[in-house]
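No value in this document is a laboratory result; all are computed from the given coordinates. Predicted, not measured: the structure shown is a model, and the values here were computed from it. Because the Cβ atoms are built from the backbone with ideal geometry, glycine has one as well, and the counts that use them run over all protein chains shown.
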Amino acid sequence: MASNFSFPPLAPEQIAEALHTYGLAPTANLRAEDIANPQPDLLPAVISNFLATVVDPTGADDLDGQLGFDALASLDNPEHYREGIRVLRLHKRANAFLESIQFPGFTLRDLLRPDPRRLVQVLSALINFLYYRDEKLALLQPIIHEFPNLDERCMELNAKIAEHQKAIADQELAAQMEVPMVQQLEAEVNSLKQKLLEYNKKQLALRANATAINDKKEETHRKVIAKSDFELVKLAQENSKLLSKIVQSPEKLQRALEEKKTARAELKNAEKIAMQSVQEKTATLEIYSKGYEKLSKHSSKIQALQEQERVKAKEKERDQIVADENQKLAALRSEVEWKLKCLEPRERIVEETIAKATKLCAEVDSTRTDAAEELRLIYAKFQQIGHAFTCYKDNFKTFLEQVDEVSKETLESLGRQAVEPLDTSATLSIEKENSCGPAP
């Protein structure tokens, strides 16, 4: 068979043998005589087997598929149209395929009541397509054999991808499992922050108390000093008065001096007690301040240590995860680079093969275009011949009608005149003219 696709007519014996070879024969005892004298169901059966085996092996476009509700609603008795709908679907699919291989003009009559010549043409087109397909598949076999383990490599890569995806999912699951622990640490941190806020509030309260104590101490000092100044002034006045009275009453002056000394001693004792109280309160405030400072420093140290231990643990865990992932990524990158290097020669070969196949396809398209143009010219010539034959047939029919009228008039005139019948030679001459007379 030629490398370019064409569909020359085949002999009935070749067609019968090819149908049995490709498993398209409707019966096991199909012979060449059945193709020379076809039955109406021969071509539909062969085309159904061809479409189911070659065009649509998956059966996605079923000829016996159910109609939609809208189509069923438009028919009165859908079951009466089942066979007709199946035939129309078969013709539509067969016509679409034959037009795709540049075999136009497949009508419904060709499917249901084909003449032997038309049947041979249609079956020859199908079988030549199978021959052409087998030849192209044979050309592609070396390319397929060059990559025998491509599917296995793809499966291995898919398995590794699935493995890495599983590792990622496990890592995410582990992170999700660590969520409670993280939440617990966050709760502890929040608790420590709350305690720190309480310590800060206590510190502010202590500072306020210390400020109040200092203010009170200063006020006490100021009052004591003012009172002491007042007493000193009063004593100075009394002293001046006593000095003026010394000459008048020494005994009375002595008593007054003793009373003044006693009052001064009591005043000093009171001032001393007040100073001791202030000192005790100041010492207590200092103790509170030092205790608060120590507690604040201790709390800050504890919080810093806890934060530092938590950050170090997270950083260590993160570094470990990043290191593992980097190691896996490096291994995967090196493996992919090695595979790419190994696939580069094959890729070049495949590209060259694809270029050759593209060139062959271009040649096939060019040949198909030329064949379509030639078929168009043949079809136009056939239409011209058919038109001429139609004109000739119409003219010949007119001539026969004229001959019939002349014969009828002649017979009527002969009947009226009661003449003798025409001789045998005249009758034969008229019959010869009726059957073979030229067109006017």
Kindly list the residues of segment 182-199 that lie in the label zone of LYS294, defined by a backbone N under 20 Å from the point 7 Å along the Cα-to-C-beta vector.
196, 199
Are there chymotrypsin sites (Phe, Trp or Tyr not before Pro) in segment 95-171 that DSSP puts in a loop and that have at most 13 other Cβ atoms within 10 Å, and which ones?
none
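Could you give the length gained on full extension between LYS272 and GLN306, defined as 0.36 nm per residue of separation minus the Cα-Cα distance, in nm?
Details: separation 34, 0.36 × 34 = 12.24 nm, distance 5.05 nm.
Answer, rounded to one decimal: 7.2 nm.
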Taking K and R as +1 and D and E as -1, what net charge do the other residues with C-beta under 14 Å from the C-beta of GLU286 add up to?
+3
If I take the Cα coordinates of segment 314-399 and project them onto the principal axes, what are the three extents in Å, biggest first?
112, 32, 10
Amide H to amide H, which residues 5 or more places from LEU10 or on other chains are under 5 Å from it, using H placed in the peptide plane?
SER124
ASN395 paired with ARG117, simple spin-label distance in nm, labels 7 Å along Cα-to-beta-carbon:
2.2 nm
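Sort segment 111-163 into rounded, prolate or oblate with this rule: let a ≥ b ≥ c be the square roots of the eigenvalues of the Cα gyration tensor; rounded if a/c is under 1.5, and if a/c is not under 1.5, prolate when a/b is larger than b/c, oblate otherwise. Mind dumping the intermediate values first?
Working: a/c = 11.18, a/b = 2.92, b/c = 3.82.
Oblate, since a/c reaches 1.5 and b/c is not below a/b.
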What is the calculated FRET efficiency for ALA167 to THR282, with r their C-beta to C-beta distance and R₀ = 56 Å, to the nearest 0.05?
0.25
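Give me the number: length gained by fully extending ILE144 to ASN200, i.e. 0.36 nm times residue separation minus the C-alpha to C-alpha distance, one decimal in nm.
Numbers: separation 56, 0.36 × 56 = 20.16 nm, distance 8.01 nm.
Length difference between fully extended and current span is 12.1 nm.
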Segment 142-177 to segment 324-394: how many Å between their Cα centroids?
32 Å
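Please give the length that would be gained between THR211 and ARG376 if that part of the chain were fully extended, namely 0.36 nm times their separation in residues minus their C-alpha to C-alpha distance (nm, one decimal). Intermediate values should be presented prior to the final figure.
Numbers: separation 165, 0.36 × 165 = 59.40 nm, distance 11.46 nm.
Gain on stretching THR211 to ARG376: 47.9 nm.
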For a Förster distance of 35 Å, can you work out the FRET efficiency between the beta-carbons of TRP338 and LYS314, rounded to the nearest 0.05?
0.45
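Classify segment 86-125: rounded, prolate or oblate, from the alpha-carbon gyration tensor (a ≥ b ≥ c, eigenvalue square roots; a/c under 1.5 rounded; otherwise prolate if a/b is larger than b/c)? Display every interim value, and only then the final one.
On the way: a/c = 2.22, a/b = 1.09, b/c = 2.03.
Because a/c hits 1.5 or more and a/b fails to exceed b/c, segment 86-125 counts as oblate.
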Listed pairs LYS217/LYS268; LYS92/LYS356; LYS195/LYS316; LYS195/LYS290; LYS160/LYS316; LYS201/LYS272 exceeding 26 Å between Cα atoms
LYS92/LYS356; LYS195/LYS316; LYS160/LYS316; LYS201/LYS272
